[in-house]
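In what follows, a structure is listed as structure tokens, so that the remarks can point back to it.
Throughout, read-outs are computed from the coordinates displayed, never taken from laboratory work. These numbers were taken from a predicted model, which means no experiment stands behind them. Every residue, glycine among them, receives a Cβ derived from its backbone with ideal geometry; neighbour counts consider all protein chains shown.
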Amino acid sequence: MSLDLMNHDAQASPEKSTIKKKLHQLPSMASISNLSTPAATSLKSSLAPPKSATASFSLGFPSKFALSSTRLSLRTNAPLAASLLVRCSQVGGNGSHVKRTTLHDLYEKQGQSPWYDNLCRPVTDLLPLIESGVRGVTSNPAIFQKAISTSNAYNDQFRELVQGGKDIESAYWELVVKDIQDACRLFEPIYDETDGADGYVSVEVSPRLADDTQGTVDAAKYLHKVVDRPNVYIKIPATAPCVPSIKEVISLGISVNVTLIFSLSRYEAVIDAYLDGLEASGLDDLSRVTSVASFFVSRVDTLVDKMLEKIGTPEALDLRGKAANAQAALAFQLYQKKFSGPRWEALVKKGAKKQRLLWASTSVKNPAYPDTLYVAPLVGPDTVSTMPDQALQAFIDHGTVGRMIDSNVSEAEGIYSALEKLGIDWGFVGTQLELEGVDSFKKSFDSLLDSLQEKANSLKLVSL
């Protein structure tokens with residue numbers, strides 16, 4: 001994975017200099033992970049240039065649909081200063097180091113942590129991204145399905161596991177755990193520098209457990225134990241059966257990334273589960289039990305836009321591209337409300353840290369929308385934005401760093417209500433997207449296991 005970006009003249013912050021020094025002290029790639037060096041196979045993500053002409057925004061909504069005069073200028077249709085290209089399992093894939101990018105400004109000036117929504121081997125290719133300002137990594141079954149099934153980098157370890165008698169699913173988890181451990185090692189300097197506030201790597205429990213409360217708890221405990229890194233987040237879906245799992249896992253002192261949140265009501269249940277878990281832990285020091293709540297964004301517009309187009313009235317069509325960011329703005333309001341007051345202050349006295357809002361699904365699904373639509377308008381303090389390649393490149397190249405998430409709450413409330421009046425059922429939207437998300441991850445998981453079985457059969461034939 002390489003990141004070739006224009007260097008900026010601004011000097012790195014003292015914190016970044018310390019992190020950089022620690023990164024250079026890390027062991028070499030060979031000592032971190034015994035990785036193969038395949039010659040030809042690679043995973044590439046070729047990114048399209050930014051779309052559309054200069055746009056105006058109100059809360060980040062496309063200008064032709066805007067309801068107010070609030071404007072956010074976004075430079076588009078300009079040649080990229082450089083390109084971001086992911087190259088997995090290639091020797092010498094790392095690109096040049098970046099001295100400073102908008103990602104540093106995002107964190108230092110606005111208090112939002114930029115994370116990278118991708119992971120593949122060799123994990124040391126994350127180093128240029130860390131230097132460019134990335135402060136954490138998220139993964140999911142779909143990401144690992146793509147990484148493992150299209151790369152030779154996992155072959156040696158997989159062959160050893162299969163020949164050693166491991167079944168396919170056990171072998172899969174060993175491949176995943178190794179990537180997570182190695183990535184955690186790379187982000188430990190950030191974790192240490194921020195006293196456990198940042199520098200996390202997320203690994204998700206099996207998507208087959210989305211309806212299994214106790215099974216999810218057991219899987220979370222297992223992954224926490226085998227990864228054995230202080231900066232690992234165990235990802236648990238925010239399905240109704242797994243909300244109690246979140247409370248239980250938090251109460252055990254295990255840090256959690258709650259994923260697949262699509263509605264305000266489910267988000268509030270997730271916050272309550274976190275608070276309940278902290279209170280039930282019995283720990284005197286809560287400072288090492290942390291969490292993020294992954295609130296999905298672009299997928300909301302994908303579904304709601306289809307519903308609006310089916311309604312077809314001018315009023316409905318004018319609301320396209322606005323639902324996701326409006327709901328996100330209201331989620332931030334809920335976040336601020338829930339993490340204040342007597343109950344929260346009592347937990348703070350024990351060292352508790354806020355369950356930060358994490359914006360997920362930040363890539364633009366509709367090519368008619370500006371490519372930073374789900375990043376720039378959601379900038380706000382004490383939050384995280386995890387970005388896949390396209391969104392990350394776009395934001396580094398021409399993203400705007402400024403607090404926008406609560407710049408016009410009344411407008412967000414108006415949009416949310418207007419959608420309801422048109423017959424958009426937010427409860428249905430959340431439930432439908434949750435079902436689709438879980439189903440998508442299950443399919444990716446099953447597909448990967450099938451491809452690994454085929455690979456195992458081939459390896460066994462070769463070994464005869």
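Distance from the alpha carbon centroid of segment 239-268 to that of segment 206-230 works out to 12 angstrom. Taking every alpha-carbon pair in segment 236-275 and binning the separations at 10 Å intervals from zero gives 35, 59, 6 percent. SER139 sits among other residues whose Cβ lies under 10 Å from its own Cβ, and their net charge, with Lys and Arg +1 and Asp and Glu -1, is -2. Subtracting the Cα-Cα distance of GLU345 and GLU108 from their residue separation scaled by 0.36 nm leaves 82.8 nm. Applying the criteria of a DSSP loop state and at most 11 other Cβ atoms within 10 Å to the chymotrypsin sites (Phe, Trp or Tyr not before Pro) of segment 101-152 yields no site. In terms of other Cβ atoms within 10 Å, ILE143, ILE190 run from fewest to most in the order ILE143, ILE190.
Applying a DSSP loop filter and a limit of 15 other Cβ atoms within 10 Å to the chymotrypsin sites (Phe, Trp or Tyr not before Pro) in segment 184-274 leaves nothing. Cross-link partners of LYS225 among aspartates and glutamates, defined as those whose alpha carbon lies under 17 angstrom from its own and excluding same-chain residues fewer than eight positions apart: GLU174, ASP179, ASP182, GLU204, GLU248.
Of the cross-linked pairs LYS235/LYS455; LYS353/LYS443; LYS322/LYS442; LYS109/LYS337; LYS247/LYS338; LYS166/LYS247, which ones have a Cα-Cα span greater than 25 Å in the structure shown? The answer is LYS235/LYS455; LYS353/LYS443; LYS322/LYS442; LYS166/LYS247.
Only aspartates and glutamates eight or more places from LYS365 in sequence, or on another chain, were considered; those with a Cα closer than 13 Å are ASP301, ASP305.
Near the amide H of VAL137, under 5 Å away, which other amide H atoms are found, from residues 5 or more places off or on another chain, if H is placed in the peptide plane? Correct list: TYR116, TYR200, VAL201, SER202. Residues whose amide H comes within less than 5 Å of that of VAL384, counting only those at least five positions distant or on another chain, are SER113, LEU357, LEU358, TRP359 (H built at 1.01 Å from N in the peptide plane).
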